[in-house]
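J.: Here it is, the structure, as structure tokens.
All of the numbers you see were taken from the coordinates with simple rules; none came from a lab. Here the structure is a predicted model, which means the values were calculated and not measured. Here the Cβ positions follow ideal geometry from the backbone for every residue, glycine too, while neighbour counts run over all protein chains shown.
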């Protein structure tokens, strides 16, 4: 983060919900410095589980992660994320 700030580079991070919880301070800093935090499911479960083929499981992973972001960053940030950069990266590629 320090190097990005030093070089005045903005980036998009695809972060799992469990990582948002573990490093809320880091991701709050990233947002404050103008970076985007996008959805990468709740816990990467969807990349290795047979449930990955279940659309309901993937939906749950996405929505659970959104709820964590709302709790951590606030409803205004979640709405801005969904409106301005509604990107999603599926775990595993």
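J.: By how many nm would the segment from residue 36 to residue 9 grow when fully extended, if each residue of separation counts as 0.36 nm and the alpha-carbon distance is taken off? Kindly include the intermediate steps, with their values, before the conclusion.
T.: Details: separation 27, 0.36 × 27 = 9.72 nm, distance 1.17 nm.
Working it through step by step, the gained length comes to 8.6 nm.
J.: Enter the per residue convex hull volume of segment 2-84, computed from alpha-carbon coordinates, in Å³ rounded to the nearest integer.
T.: 96
J.: Work out, step by step, the length gained on full extension between residue 21 and residue 71: first 0.36 nm times the residue separation, then minus their alpha carbon distance; give nm to one decimal.
T.: Result: 17.0 nm gained on full extension.
J.: Once the Cβ-Cβ distance between residue 63 and residue 2 is put in as r, and R0 is 30 Å, what FRET efficiency do you end up with, to the nearest 0.05?
T.: 0.35
J.: State the extension gain, in nm to one decimal, for the chain segment bounded by residue 84 and residue 56, taking 0.36 nm per residue of separation less the distance between their alpha-carbons. Write out the running numbers ahead of the final one.
T.: Values: separation 28, 0.36 × 28 = 10.08 nm, distance 2.50 nm.
Taking 0.36 nm per residue and subtracting the Cα distance, the gain is 7.6 nm.
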